[in-house]
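Let me begin by presenting the structure, written as structure tokens, before commenting on it.
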Amino acid sequence: MFEEQATKVKITSVVIVVGMSSMLAAVVTDHWAVLSPRVEKFNATCEAAHFGLWRLCKKSIFIVEEDPQGKGCGPISLPGAKNCSYFKHFTSGEEAEVFEVKTQKEYNISAAAIAIFSLFFMIMGTLCVIFSFGKGRDYLLRPAGMFFAFAGLCIIISVEVMRQSVKRMIDSDETIWIEYYYSWSFTCACASFTLLILSGVALLLISMPHMPRNPWETCMDAEPDTLD
């Protein structure tokens, strides 16, 4: 790997690390979306919820006055009793009694599985970048770029599945949720998509063969024909 090429890869690796950190933060946390019921009276307790790929958490919040941001029951950062239920991915068992968990499990199994694929592609891309610094192994930059691009695509598909999950929760007549907003885990997922896609494209461009700056460079570098 040429020195200039290695420098570009190192700069791209910094962006990759930020993207990987954002994706890991999104996958392991449960603040993708915050759901809120209608608040009809104050000086009373209401139940808000937030969820991620793995669990749904409900929080009882005592509301004294209207939220200035218009988020209904909340903000979710207010103190209150918290109860979390895992979706129990990839396991069989009795149907969840709570409709919210049953509904979320149907979507979150897909979103979580796609996120796992994204983590796999991310690990493979990282290994390719590490080994590409070896002598004569710069060809590994191309599959690394593809792996990171695939990781970005998988995480944005998970984002869309979660968006559809929230929409179904809000539209259902069997839930109390009428308002929602996307929280910081959702933002981390979107940021990781952007950074991983850009990093993947950058690695693909870096791995491309050197193009001559002048048309005559190719002719000058060519070996002369031998006469019989």
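The values are calculated or read from the model by the stated rules, or taken from the named source; none is laboratory data. Remember, predicted model here, so these are calculated numbers, not experimental data. Don't worry about glycine lacking a Cβ; one is built from the backbone with ideal geometry, like all the others, and counts go over all protein chains shown.
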Got a number for residues in the range 105-127 being modelled with pLDDT of 90 or more and farther than 12 Å from LEU153 by Cα?
7
Using beta carbons and a limit of 6 Å, which pairs, at least six apart or on different chains, have the first residue in the range 119-135 and touching a residue at least 24 places away in the same chain (Cβ under 8 Å) and the second one among the charged types (D, E, K, R)?
SER132/ASP138
Scanning the range 32-71 residue by residue, those modelled with pLDDT of 80 or more and at positive phi turn out to be none
Could you go through the range 160-176 and let me know if any residue there is within 12 Å of the chain's Cα centre (by Cα) and touching a residue at least 60 places away in the same chain (Cβ under 8 Å).
yes
Among all residue pairs at least 6 apart or on different chains, which show Cβ distances below 6 Å where the first residue, located in the range 201-218, is at pLDDT below 85 and the second is surrounded by 17 or more Cβ atoms within 10 Å (Cβ to Cβ) and not acidic (Asp, Glu)?
SER207/LEU141
